[in-house]
Amino acid sequence: MNFRAVFAKYGYLLALLPLGVGFAVLAGNAKNIPDYIPITNEDELQAIALDPGKSYRLEKEIYITKPFTPIGTEENPFTGVLEGNGKAIYGMTIDPSSPWQCVFGVNQGTIIRVRVAYGNDYGALPEATTHFGGMAAINEGYITSCTTYCPNRLVIGGSSIVAGGIAAINRGQIKNSESNNIFQVSAATDAVVGGLAGIAEDGAIFDMARSLGNFLCDSGLGESRLTFGCLAGEARGKVKVENCYLHEKYLRIGDAASDLTEWAIAGGFGKAIDAEISIRSTCVYTSWTSLPEKVLPCGLIAQEKGTSIVLDTVHVNARNERFEKGYGFLENGEAVLESRNAYFTGLEEASRTGQDKFQPIEEKDVNPKSMGFDIDYWGNSGIPGYLAPRF
């Protein structure tokens, strides 16, 4: 590898190290610059599964014409690099016999600058599905500067499932990435669903990530147990959220779904269980329509157990068209240990427990400077009086 290529990848180290040490590090890492294997068609993309430890780069837009088998398993995870090179994978349709509906099964490597658009015929998840992740079923590595999109509603029903717009389960880092998907529950089920991840487990980081879309529930779902959050359905262990924008325009639930036993639905996390959550420079924007009586609007977290939360510059804007009251937390708002520049708009109270560590603020008063946001990262969301991160 020539020195220019080495410098382009590792030159930033010179700013951190003494001059002689810096150049020694560059020389030592020359052999680690990946020799990318070019990917130009769907067969070559599928073949990554045969050698998941190498580095690959998309050289063309990839069009999927046949069922795809996820790359990486628990026994043989993806540990390499997929450089998307700004290209897209179109028409993604996963093998219906696979319980994991995703491009990558287990990712322990790096997926960067990859855009995935699911096929026009993809929507109702196959009966065998246990995990759906727009990019990965289980992320234990890095997903950076990626987007996922499904033109149809992702219909969930008839089984226990964990689903997330980027990953079903995130134990790694999702950064500078966006999910734009509509999830719809159509039958009685035990489902954990999140705009970015179904479940955020210990070590999960969400940084400069954006979740867009809707969550819809049909009527007559019986004794379903549904957990949903615009960021993640559940949080467990240490979870870090920074510079994120969560915009779930509609949480719409059929009126006849009135015999509910356990539903936890919120703009941030549906549930937090034995978690340590840090949320910084993040906006949550959620609207609710057609909610049954047993489902109360909740802005940030609906249910928590054994959880501690630290907030630093957070804005929750939660609207509902049916109820007079809405809450930042439905229970145990005292889980918020520290709060700095935490605001809410459109909610009756910050917490049903009365432990208010949010400040009410009118929409007209929303200002990035006064609220403490780093305006280098925040711009106009297209929603009056609301912020969104720049990508």
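The table below gives the values:
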item: Long-range amide H partners of ASP274 with built H, under 5 Å; result: LYS305, GLY306, THR307
item: For the stretch 199-205, Karplus couplings with θ = phi - 60° (6.51, -1.76, 1.60), whole Hz, Gly/Pro x; result: 10, 9, 9, 3, x, 5, 10
item: Listed pairs LYS54/LYS87; LYS271/LYS369; LYS240/LYS357; LYS240/LYS305 exceeding 23 Å between Cα atoms; result: LYS271/LYS369
item: Shape of the stretch 44-108, Cα gyration tensor, a/c cut at 1.5; result: oblate
item: Accessible area per residue, Å², the stretch 55-208 with all protein chains present, probe 1.4 Å; result: 34 Å²
item: For the stretch 85-98, 3J(HN,Hα) per residue [Karplus equation, 6.51 cos²θ - 1.76 cosθ + 1.60, θ = phi - 60°, Hz, x = Gly/Pro]; result: 6, x, 8, 10, 10, 9, x, 4, 9, 8, 3, x, 7, 7
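The values are calculated or read from the model by the stated rules, or taken from the named source; none is laboratory data. A quick note: this is a predicted structure, and the numbers were derived from the prediction, not measured. To get the accessible areas, we keep the full protein, side chains included, count just its heavy atoms, and leave off ligands, DNA and RNA. Shrake-Rupley method; radii C 1.70, N 1.55, O 1.52, S 1.80 Å.
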